[in-house]
Amino acid sequence: MAPLNSTVSFEKMLMQFMTAPDPMLAMLEWLCDQLMEVEITAKLGAEKHERTDSRSEYRAGFRPRRFDTRMGTMYLMVPKPRKGGYIPFFVTERKRSEAALMNVIQEAFINGVSTRKIERLAKSLGIDSLSRGQVSEITRELNAQVGTFRNRPLEEIYPVIWVDALYEKIRDNGQVKNMAVLVVCGLRMDGTRDILAVEPMYEESEASYKHLFDSLKARGLKTVWLVVSDAHKGLVASVKKSFVGASWQRCKVHFMRNIMAHIPAKEKESFAAKLKQIWLQPDKDSALKYARMFMDEYEMRYPKAIETLESGLEDSLQYFQFKQIDSRRISSTNMIERLNREIRRRTNVVGVFPSMDSYIRLVTSYLIEYSEDWSTSRSYVDSKLLDQILLERFKAA
């Protein structure tokens, strides 16, 4: 090994980079290789071929992965553990989302969005200019990835699916409109989550939701046990027709908001504290018993609120059918709401999208990354519990 103050090896390395077709890209590729090696070594607890008691996993070769950067495209050889997955931190953070934002900038310019806004957005990304060739290549590859993801085959059984709509300002036929985009997440039988659909909706109607669910079934989905959503009439009607035998869980958080809308401001805190106890009961019978006492107490004072509670109570307690699963996971749409907040945090950078295609492209690019993270992270629900429920349902049938 050369002494620490020696620069001979470094100078030789620089000379090698200088003879490469693109010296800066070659240096970046070398740096990425070093970063991956450090990260995978820390992840596995041992260096390559090292024998040590601290090793937690073994390597299983490499897999090629394309990585687009502002300096150019390179092909990384990503180390692969025997079990689970590994995605380099710099690929996860930058790849698709950066390409999508660059494409939004170009579309915004083409569609006449404020030049000042475009410049601010570009500079925040470190982008000074985009050539037609760059945009064409980015769009072609990104559209292919997004299309593949949105139309990929699905598994036959998703025990739980969550459905929610995002509303964004999107330019359509020269007018800026608030348009809905539906996001559907599903729970796999192995206990992990997945993003099943990102679909634009020009109107929230039963027909639109029916089209969404039909597209999921066309991609292979056959069985759903529980659908969690808000109480949009078109959505609820479509769930009953599209997933015969499935239960519909009315999101308890949305339901509480509907009820609280009929309570005076000065009474909201005390009323809400008692109201939420309904969904904290240990079983359905206890929840119904407490709800009846609660309704008797407040029926005369707040008849509208109690009427709303009574009409939707049963639908808000469907999660009790799946007592093996932690109720916090399936009693509300909080899981998908958190995902939506992350999406909005990114889309707020753009403001008004130049087209629905650019919005779908950007959002789907982010969601692909979430889907990859979910597939390699801890299970959202223990798969053994899902297998137990499946067996019970099979016996009951």
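Scanning the stretch 18-30 for residues that are open to solvent by 80 Å² or more (accessible area, probe 1.4 Å) and of a type outside the set (V, I, T) yields a count of 4. Scanning the stretch 326-384 for residues that are among the hydroxyl-bearing types (S, T, Y), within 12 Å of the chain's Cα centre (by Cα) and closer than 17 Å to V181 by Cβ yields a count of 5.
Residues in the stretch 278-288 that are out of contact with any Leu (no Cβ under 9 Å at 6 or more places or on another chain) and surrounded by 13 or more Cβ atoms within 10 Å (Cβ to Cβ): 1 in all.
Residues in the stretch 159-177 that are under 17 Å from R341 (Cα atoms) and open to solvent by 30 Å² or more (accessible area, probe 1.4 Å): Y167, K169. In the stretch 33-43, the qualifying residues are those that are touching a Phe, Trp or Tyr at 6+ places or on another chain (Cβ under 7 Å) and of a type in the set (A, V, I, L, M, F, W, C), and the one that is nearest to F90 (Cα to Cα) is L35. Counting only helices (runs of 4 or more DSSP H) wholly contained in the stretch 185-284, the ones carrying 2 or more residues that are under 16 Å from I330 (Cβ atoms) and not β-branched (V, I, T) occupy 252-260.
In the stretch 332-375, what residues are polar (S, T, N, Q) and either assigned to a helix (DSSP H, G or I) or buried (at least 22 other Cβ atoms within 10 Å of the Cβ) (or both)? Across the stretch 332-375, the qualifying residues are S332, T333, N334, N340, T347, S358, T364, S365, S371, S375.
Number of residues in the stretch 376-397 that are without any contact (Cβ under 8 Å) to a residue 24 or more places away in the chain and part of a helix (DSSP H, G or I): the value is 6.
Can you tell me which residue is nearest to S377 (Cα to Cα) among those in the stretch 193-247 that are crowded, with 18+ Cβ neighbours inside 10 Å and of a type in the set (F, W, Y)? Residue satisfying both the conditions and the ranking: W225. Taking the criterion of being in a helix (DSSP H, G or I), without any contact (Cβ under 8 Å) to a residue 60 or more places away in the chain and not hydrophobic (A, V, I, L, M, F, W, C), the residues of the stretch 314-328 that qualify are E314, S327, R328. The conditions of being over 19 Å from the mean Cα position of the chain (by Cα) and of a type in the set (A, V, I, L, M) are met by A237. For the stretch 162-175, the criterion of a residue being within 22 Å of T223 (Cβ to Cβ), in contact with a Leu (Cβ under 8 Å, 6 or more places away or on another chain) and not polar (S, T, N, Q) is satisfied by at least one position. Taking the listed residues I87, I110, I105, the one that is modelled with pLDDT under 70, out of contact with any Cys (no Cβ under 9 Å at 6 or more places or on another chain) and open to solvent by 30 Å² or more (accessible area, probe 1.4 Å) is I110, with no other qualifying. Cβ separations smaller than 7 Å between residues 6+ apart or across chains give the following pairs from the stretch 48-74 residues that are surrounded by 13 or more Cβ atoms within 10 Å (Cβ to Cβ) and of a type in the set (V, I, T) to residues that are at pLDDT 80 or above and not in a loop (DSSP other than H, G, I, E, B): T69/L28.
The values are calculated or read from the model by the stated rules, or taken from the named source; none is laboratory data. Computed from a predicted structure; not experimentally measured. In this analysis, Cβ positions are derived from the backbone assuming ideal geometry, glycine residues included, and neighbour counts consider all displayed protein chains. Protein only, heavy atoms only, side chains kept; ligands, DNA and RNA dropped before computing areas. Shrake-Rupley method; radii C 1.70, N 1.55, O 1.52, S 1.80 Å.
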